[in-house]
Amino acid sequence: MNIIGISALYHDSACCIMQDGRITAAAQEERFTRIKHDRSMPYHAFKYCLKSAGLSITNVDLIAYYEKPINKLSRQLWSGYDIEKGELKNIMDPYRPNREIREILGYDGPIVFINHHLSHAASSFCYSGFDKAAILTVDSVGEWATTTYGYGNKEGIKLFKSVDFPDSIGLLYSTITSYLGFRVNNGEYKVMGLAPYGNPIYVDKIRKLIHMGDNGQYTLNMKYFDYITGKKMYSDELIKLFDESERIPESKISQFHKDIARSLQYVLEEVMLEKAVYLYEKTKLENLCMAGGVVLNCVANSRILRDGPFKRVFIQPAPNDSGAALGAAAIAYSKIAQNELKVKKLEHVYLGPEYSSREIKNLLDATSIIYSDYEYTSNELIKVVAKKLAEGKVIAWFQGKMEFGPRALGNRSILADPRVSSMKDKINSMVKKREAFRPFAPSVLEDKVREHFDIDISSPYMLLTCNVISNLNLPAITHVDSSSRIQTVNEYTNPMYTRLIREFDRITGCPIILNTSFNVRGEPIVMSPLNALTCFINTKIDCLVLGNFLIERSNNSFTLIKAIIAKSNTAVETKLDGRLYSFI
């Protein structure tokens, strides 16, 4: 049984393939097109999934789409959108998903449309390995629901309560994100990173934006918001409430902005914890599964795990809309399997394209680049790279299958020594070109995590934070509040990366490496060797490891290659973000 799951036409389009209950391939469209948050029908990701599975389109038994367009249209019409207005005419076309699956993907078989929050719920529970669990999904909005409460067991998933649009924790957070001068659906994680620099002195004002109700409910005070039919997320009343104009994007960040971010984060954690407690009281289950875009807030996740009533928590590694493709596929499969959830546990997210040594070598040989070949001596490569990390070099690390989801987890990563106090500034100046307040994350050996971080569970997907308790000085991965968003690593899921960290530990006594995504600001994480080489050449990273091949900047001059790349680079980022269309 071959089922394709698709999320598309909103943001972060993605495709996956499930074969007999197991996800064998998954990828986001942005990695192929190089358009960040690409919302288009995932044609390239679809082709990749088929190729990876060794199938043709005629072998696909069913396509599962991650929401119900007709139900979504009812909410859009209720909001007062003009269906004939420019781009909205395309966004509000409920037949568009079906039409584009037929015309762009070329598929003429059966299609099922799965409720958006059910797709989110299934994307977590069905891959958690739990026999039964409570399920909490929180995002901006699906068809109507913005927050849902439910539970799952072998008989299926039941969503028994919801909070509906326009009341939305996700849109509350996005509204303040917009007010603080960051892009909606792109800058929320920046607000989370900014929060520890501030003080929660505006908590009472943030609380005026939301009223907590009984039975898991809450309402937003809509006089402060303008996202239903307006041209921006917030109204003039919000500006009056804070007695400060909105921040202009890219302008200076003041203490006021930091304090607003901290106050917002405080209230978000407060609300999320209260809703988790409500869910536990209704289900009395020990396990919790979480999904939805708000669940990318790893600080709030950790608060629920630390202070909430659940013993175990599983967070979908791609909790935003891209991961809903996995949930749609799981629901479709469970229906075919006589309504029993027989989906296989998700062991890892290394589900994207990979490239052979021959492909990488052919690329390098087509250039004038000087490189070292360790194809038959990978142990030596590990030793060389670990030594360079210990010497303070910044390494671009490209290995195996690309990760699925928003985090670089050791296959498309930039690596560095976490003990170097200047490393954050060095990486920012070399490649990331991002705000100085944003923290970098560590990868740590799973069997040594408790020696250095205040956490007693694995965190393989960088979706939890905890305090740094190490005797080592780790300034490059320790945030201003002494926290860190960790990734635990083991030989089973990523042997090559684990070997590198173990060698670094052998040399330095530090079983931790700084790990940030392999991309420059405004671009998706690299997918192919050509993407990796282009990013490396256009930055000041010291070394690039492409599979078993090592390229050192000090041995090369890239002047001519840079000129060729600049002349041929035609990639552009979509402009349809706006403050109006960001949640439609």
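No lab work stands behind these numbers, since they all come straight from the coordinates. Keep in mind that what you see is a predicted model, and the values were worked out from it rather than measured. As a convention, Cβ positions derive from the backbone with ideal geometry for all residues, glycine included, and neighbour counts pool all protein chains shown.
Along its three principal directions, the equivalent ellipsoid of the stretch 357-568 from the Cα gyration tensor extends over semi-axes of 28, 19, 15 Å, largest first. Pairs spanning more than 21 Å between alpha-carbon atoms, out of LYS231/LYS258; LYS190/LYS231; LYS68/LYS335: LYS231/LYS258; LYS190/LYS231.
List the GluC sites (Glu not before Pro) in the stretch 412-496 that DSSP assigns to loop (not H, G, I, E or B) and whose Cβ has at most 15 other Cβ atoms within 10 Å. Which are they? Kindly include the intermediate steps, with their values, before the conclusion.
On the way: sites: GLU435, GLU446, GLU451, GLU491; in loops: GLU435, GLU491.
Passing sites in the stretch 412-496 are GLU435, GLU491.
At a 10 angstrom cut-off on C-beta neighbours, averaged per residue, how do the peptides 298-305, 89-96 rank from highest to lowest? Don't skip to the end; give the middle numbers.
Values: 298-305: 22.1, 89-96: 14.6.
The densest-packed peptide leads the list: 298-305, 89-96.
In straight-distance terms, cross-link reach from LYS345 covers every one of the aspartates and glutamates whose alpha-carbon lies under 17 Å from its own, apart from those fewer than eight places away in the same chain; here that gives ASP20, ASP131, GLU155, GLU403. Less than 16 Å apart at the alpha-carbon level, and either on another chain or at least 8 residues along: which aspartates and glutamates does that give for LYS72? List returned: ASP82, ASP93, ASP139, GLU143, ASP164, ASP167, ASP321. Checking the Cα-Cα distances for LYS51/LYS311; LYS205/LYS252; LYS47/LYS275 against a 30 Å cut-off, the pairs over it are LYS51/LYS311; LYS47/LYS275. Short to long, the 10 Å bins of the Cα pair-distance histogram for the stretch 30-109 hold 15, 40, 32, 11, 1 percent of all pairs. Each residue, ARG99 and THR229, gets one label point 7 Å from its Cα in the Cβ direction; the gap between the two is 2.6 nm.
Each part reduced to its alpha carbon centroid, the stretch 409-440 and the stretch 27-58 end up 29 Å apart.
For percent of Cα pairs over 32 Å apart, the choices are (1) 55; (2) 45; (3) 59; which was calculated from the structure? The value matching this structure is (2). A straight Cα-to-Cα reach below 14 Å connects LYS387 with the aspartates and glutamates ASP417, GLU503, ASP505, ASP542, GLU552, residues fewer than 8 places away in its own chain not being considered.
Given the DSSP H assignment, sum -39500 (n - 2.57) over each helix run of at least 4 residues in the chain and divide by its residue total; what's the result at 222 nm in deg cm²/dmol, nearest 500? All intermediate terms of the calculation are to be shown ahead of the outcome.
On the way: 19 runs with 194 residues, N = 584.
My calculation for the chain gives -10000 deg cm²/dmol from helical runs alone.
With a simple spin-label model that places each label point 7 Å from the Cα along the Cα-to-Cβ direction, the separation between ILE239 and VAL112 comes to 4.9 nm.
Please say if the stretch 164-315 is rounded, prolate or oblate, where rounded means a/c under 1.5 for a ≥ b ≥ c the square roots of the C-alpha gyration tensor eigenvalues, and otherwise the choice is prolate for a/b larger than b/c and oblate otherwise? Judged from the Cα gyration tensor, the stretch 164-315 comes out prolate (a/c at least 1.5, a/b above b/c).
Rounded, prolate or oblate: pick one for the stretch 335-478, where a ≥ b ≥ c are the square roots of the eigenvalues of its C-alpha gyration tensor, a/c under 1.5 means rounded, and failing that, prolate if a/b is larger than b/c, else oblate. Could the numbers behind the result be given before it?
Numbers: a/c = 1.85, a/b = 1.07, b/c = 1.73.
Oblate, because a/c is 1.5 or more while a/b does not exceed b/c.
Sparsely packed loop sites in the stretch 411-466 (the chymotrypsin sites (Phe, Trp or Tyr not before Pro) outside DSSP H, G, I, E and B with at most 14 other Cβ atoms within 10 Å) do not occur.
Just tell me, in residue order, which DSSP H segments of the chain are both 24 angstrom or longer along the helix axis (alpha-carbon based) and at least -1.0 in mean Kyte-Doolittle hydropathy.
Working: long enough: 255-283 (42 Å, -0.30).
Result, helices passing both filters: 255-283.
Distance between the pseudo-spin-label points of GLU274 and GLU491 (7 Å out from Cα toward the beta carbon): 4.9 nm. Relative to one another, the C-alpha centroids of the stretch 141-214 and the stretch 340-395 are positioned 38 Å apart.
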